[in-house]
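Inspection log for the structure reproduced underneath, given as structure tokens.
Derivation of every value follows stated rules applied to the coordinates shown; laboratory data play no part. If you're wondering where the values come from, they're calculated on a predicted model, not measured in any experiment. Don't worry about glycine lacking a Cβ; one is built from the backbone with ideal geometry, like all the others, and counts go over all protein chains shown.
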Amino acid sequence: MSDSLEFPELTTVRRFEAAGFRAWPAGSTHYDGAWAIRLTPGHKGKRLNSINPLDPRDFADIQARLERASWRFAVADRPLTMRISPLVAWAISEHLDGLAWSRIAESTVMRLSLSEASVDDALDQIPLKDVGRFVDALGAVRGYGSAEKSALSGVIGAIEPEAGLFVLETGGRPIATAICVPDSDLAGIFEVATAEGAQGKGHGRRIVLSALKWARLRGAHTAWLQVELENYGARRLYDSIGFQELYRYHYRQPPGGSA
């Protein structure tokens with residue numbers, strides 16, 4: 001992928017950001033102006049525990065708003081984190097620079113036209129309906145503990161669009177997982193994971209293609225996902241399927257974990 005991307009229209013970014021919020025809901029969301037403060041106690045994911053400014057024109061009283069958000073993060077026992085997408089005003093980034101906030105976990109949002117996806121030969125797989133069974137499978141694949149599994153159950157249970165929960169098993173043991181969330185003409189892909197020892201054998205590709213085929217049958221036209229830039233194996237997989245980068249985002253955190 002090239003580091004010099006054509007900057008997407010903000011209306012496009014807003015559409016995919018909104019789809020992401022619906023498809024992967026936080027435990028609570030509080031709005032301070034156009035800043036969406038998403039918190040999910042018990043879950044370590046930064047996407048579910050971050051400040052998300054949603055309007056580049058909203059950058060007043062930055063420090064006071066950071067301090068208000070810091071209290072909420074402390075109550076939830078999560079590190080204060082801001083997600084920097086193309087919707088964030090440059091003044092906010094400059095303010096965080098002045099506070100020596102670090103920049104971490106740069107990620108890419110990728111999309112794929114399902115009319116061009118090669119999914120006709122993909123395995124027809126019926127997704128699970130049992131959230132608990134899926135979470136147990138994902139927990140086994142990722143090595144999650146009981147607290148993480150409980151938080152994940154809450155996230156999946158709160159998804160309002162229909163969620164397809166996909167698991168590949170061998171010998172009764174889960175080896176790969178994926179979640180697909182169709183929402184109008186979009187379909188988000190989440191929690192693609194392959195068990196240690198089963199990686200590099202095509203299981204991830206197989207389950208993603210099955211999820212995409214399922215989404216297309218439900219009327220989705222475009223699939224999308226988010227992946228950290230340093231996850232080279234996953235990026236190679238998504239590139240090979242045909243996903244293309246739309247925009248990037250990263251997170252910022254203060255030194256010492258407070259505003």
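Amide H to amide H under 5 Å from V192: which residues, 5+ apart in sequence or cross-chain, H placed 1.01 Å off N in plane?
Here the answer is I179, since their amide H atoms fall under 5 Å of that of V192.
Just to check I understand the Karplus step: with θ = phi - 60° and J = 6.51 cos²θ - 1.76 cosθ + 1.60, what whole-Hz values come out for the stretch 25-40, glycine and proline as x?
x, 6, x, 8, 9, 10, 9, 10, x, 9, 9, 8, 9, 9, 9, 9
What percentage of all Cα-Cα pairs in the stretch 208-247 are separated by more than 17 Å? Please list the in-between numbers first.
Details: 253 of 780 pairs.
Within the stretch 208-247, distances greater than 17 Å cover 32 percent of Cα pairs.
Setting aside same-chain residues fewer than 8 positions from K149, which aspartates and glutamates have a Cα under 18 Å from its Cα?
Filter leaves D77, D130, D136, E191.
If you count, for each residue, the other Cβ atoms within 10 Å and average over each peptide, how do 194-200, 208-214, 228-234 line up from highest to lowest?
Numbers: 194-200: 14.7, 208-214: 23.3, 228-234: 13.1.
Packing proxy ranking, top to bottom: 208-214, 194-200, 228-234.
Among the aspartates and glutamates, which fall within straight-line cross-link reach of K129, defined as a Cα-Cα distance under 13 Å, with same-chain neighbours fewer than 8 residues apart omitted?
E162
Relative contact order for the chain using alpha-carbon pairs under 8 Å, separation at least 6, rounded to a whole percent? Let's see the in-between values first.
Numbers: 469 pairs, mean separation 69.6, N = 259.
27 percent.
Rounded if a/c is under 1.5, else prolate if a/b is larger than b/c, else oblate: which is the stretch 115-220, with a ≥ b ≥ c the root eigenvalues of its Cα gyration tensor?
Oblate.
Could you check the spin-label model distance between A74 and R57? Points 7 Å from the Cα along Cα→Cβ, value in nm.
3.4 nm
Output the antiparallel fraction of DSSP beta bridges having both residues in the chain, as a percent to the nearest 5. Present the calculation step by step, with values, prior to reporting the outcome.
On the way: 42 of 47 bridges.
Roughly 90 percent of the beta bridges in the chain run antiparallel, per DSSP.
5 Å is the cut-off here: which amide hydrogens, built 1.01 Å from N in the peptide plane, fall below it relative to D183, excluding neighbours closer than 5 in sequence?
Answer set, sorted by chain and number: G188.
What residues qualify as long-range amide H neighbours of A117, i.e. H under 5 Å apart, gap of 5 or more or another chain, H built at 1.01 Å from N?
When sequence neighbours closer than 5 places are left aside, there are no close amide H contacts.
Given the peptides 169-175, 201-207, arrange them by the average over their residues of other C-beta atoms within 10 Å, most packed first. Each step should come with its number before you reach the end.
Values: 169-175: 12.6, 201-207: 18.3.
Going by the mean number of other Cβ atoms within 10 Å, highest first, we get 201-207, 169-175.
Counting each DSSP H run of 4 or more residues in the chain as -39500 (n - 2.57), what helix-only mean residue ellipticity at 222 nm follows after dividing by all residues, to the nearest 500 deg cm²/dmol? Each step should come with its number before you reach the end.
Numbers: 7 runs with 86 residues, N = 259.
-10500 deg cm²/dmol, from helical runs alone.
Based on the Cβ-Cβ distance from H30 to A147, what FRET efficiency comes out when R0 is 25 Å, to the nearest 0.05? If you can, show how the numbers build up before the last one.
Working: r = 22 Å, r/R0 = 0.90.
So, using R0 = 25 Å, E works out to roughly 0.65.
Using a Förster distance of 45 angstrom, determine the FRET efficiency expected from the C-beta separation of A100 and D121, and round it to 0.05. Each step should come with its number before you reach the end.
Values: r = 52 Å, r/R0 = 1.15.
Computed FRET efficiency for A100 and D121 comes out at 0.30.
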